[in-house]
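Encoded as structure tokens, the structure appears first; notes follow it.
The values are calculated or read from the model by the stated rules, or taken from the named source; none is laboratory data. As the structure is a computational prediction, the values presented were derived from the model and not from experiment. So basically every Cβ, Gly included, is an ideal-geometry build from the backbone, and we count neighbours across all protein chains shown. SASA here: full protein model, heavy atoms, side chains in, ligands and nucleic acids out. Shrake-Rupley method; radii C 1.70, N 1.55, O 1.52, S 1.80 Å.
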Amino acid sequence: MNSYDILRRPIITERSMESVFDKEGNEIKKYTFEVPKTVNKVEIKKAVEEVFGVKVAKVNTMNFTGKLKRMGRTEGRRTSWKKAVVTLTADSKTIEFFEM
């Protein structure tokens, strides 16, 4: 699997952008990505380091099950997905994609 296949898309929400800065305005350097359910933390770390050229301190992952949705009589389910929160080291550069 390619590094660009592992990092499906960045998650840019108010909550994820609050984790980039602390209350004093200093950068914490936490970034959130959607990743496939089959990859592990080591693969996510290698992909972020290769794509963005940064040093990763730790990776936290969360699994989300797809919601049950109905359209009239028929039922369906949204796809399940995994979210990865990547924390960079203090001496690492920032990822320009997430800057405001």
Which percent of the accessible heavy-atom area of the chain goes to carbon and sulfur, probe 1.4 angstrom? 49
In debye to the nearest 20, how big a dipole does the chain give about its Cα centre with +1 on each Lys and Arg Cβ and -1 on each Asp and Glu Cβ? 820
At 1.4 Å probe size, put ASP5, ASP91 in order of accessible surface, largest to smallest. ASP91, ASP5
Most packed first (mean Cβ within 10 Å per residue), the peptides 76-82, 29-35, 46-52 order as 29-35, 46-52, 76-82
How long are the semi-axes of the equivalent ellipsoid of the chain, defined as square roots of 5 times the Cα gyration tensor eigenvalues? Whole Å, largest first. 28, 17, 10
So between GLU14 and LYS58, what do we pick up on full extension, going 0.36 nm a residue minus the alpha carbon distance? 13.7 nm
Computed [θ] at 222 nm, deg cm²/dmol, the chain (DSSP H ≥ 4; -39,500 (n - 2.57); rounded to nearest 500): -5000 deg cm²/dmol
Taking only Cα atoms, what is the 0 to 90° angle, nearest 10, from helix 41-52's long axis to the longest principal axis of the chain? 60
